[in-house]
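Written out below as structure tokens is the structure these notes cover.
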Amino acid sequence: MNGQDIPARVASAAGAIETLRRRAPRIHCLTNTVAQAFTANVLLACGATPSMTVASDEVLSFTDRADGVLINLGTLDEDRKKAMRLSAARCRETARPFVVDPVKCDISAQRRAFATELLPFRPAAIRMNADEASSLEASLEGEMPCRVVTGRTDRILCGETCLSVANGHPWLTQITAAGCAEGALIAALMPVAGDPVLAALAALLWFNIAAEEAAARTLEKAAGPGTFQPVLIDCLHAMDAARIMEKARVT
């Protein structure tokens, strides 16, 4: 990507924060049982409205009311798989954006197969770590969705676009559900940013800069990730476009 385009991308991503807060999108999360409460609190702090049911007899009603959907494979029992298939198919029918997080697909062949099964429904993005991305890469044939690959440096890969985000803090790897909640924030930004790259960039910057600020605040009073998690929610709530533009480290 032309380096001159990056400031404009960052500015547009920063603006998406205020757009999300004005529109308050409704996001339905089919997600990990250990992630539900934190994910819901992150979405509420950022200005979105979460719902979490995985009941197959009502998931279509919640999908129809949602502006975006997260499908997270963290807890992959048969009831959730049925609900995820139904929701993904409805998203495809209605052109509703959804994000797939293929949790631990590098460990379980069944998870990898199920993640691959969801790809024909055309997710707006796949959020995964480097090991999951390597495992799933062989299944990403033809026109690939936007891929968000997280790690020490996060990457956004979409068509010919490749962006790297160097913001973040190691404590994100030491609390439950940080990645799951980040995937939900990507889903929340998809319907308001108007572009999957901008949605992913906005989510990564919002979450990672908030993590940097939360770690700095935590170290003033305590010394570990236990205090960091609730402070992170505070920092997500307090984030604004000006701080995003000031602190973004994007190449």
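Computed from the coordinates by the stated procedures, all read-outs in this text should not be read as laboratory data. Since the structure is predicted, the reported quantities are computational estimates derived from the model, not experimental observations. Reconstructed Cβ throughout: ideal geometry from the backbone, glycine too, with neighbour counts over all protein chains shown.
A few points about this structure:
- Of residues in segment 63-80 being without any contact (Cβ under 8 Å) to a residue 40 or more places away in the chain and surrounded by 19 or more Cβ atoms within 10 Å (Cβ to Cβ), the one nearest to residue 134 (Cα to Cα): 76
- Any hit, segment 154-166, residues being under 26 Å from residue 227 (Cβ atoms) and β-branched (Val, Ile, Thr): yes
- Flag for residue 219 being among the aliphatic types (A, V, I, L, M) and surrounded by fewer than 21 Cβ atoms within 10 Å (Cβ to Cβ): yes
- Selection count, segment 94-130, where residues are in contact with an Asp or Glu (Cβ under 8 Å, 6 or more places away or on another chain) and loosely packed, with under 14 Cβ neighbours inside 10 Å: 1
- Yes/no for residue 75 being closer than 22 Å to residue 114 by Cα, of a type in the set (Val, Ile, Thr) and in contact with a helix residue (DSSP H, G or I) (Cβ under 7 Å, 6 or more places away or on another chain): yes
- Scope segment 200-225; condition small (Gly, Ala, Ser) and touching a strand residue (DSSP E or B) at 6+ places or on another chain (Cβ under 7 Å); matching residues: 200
- Any pair with Cβ under 8 angstrom, 6 or more apart, that starts in segment 181-205 at a residue that is within 14 Å of residue 28 (Cα to Cα) and ends at one that is assigned to a helix (DSSP H, G or I) and charged (D, E, K, R): 191/23
- Enumeration of residues in segment 20-56 that are assigned to a loop (DSSP other than H, G, I, E, B) and either within 17 Å of residue 238 (Cα to Cα) or charged (D, E, K, R) (or both): 24, 47, 48
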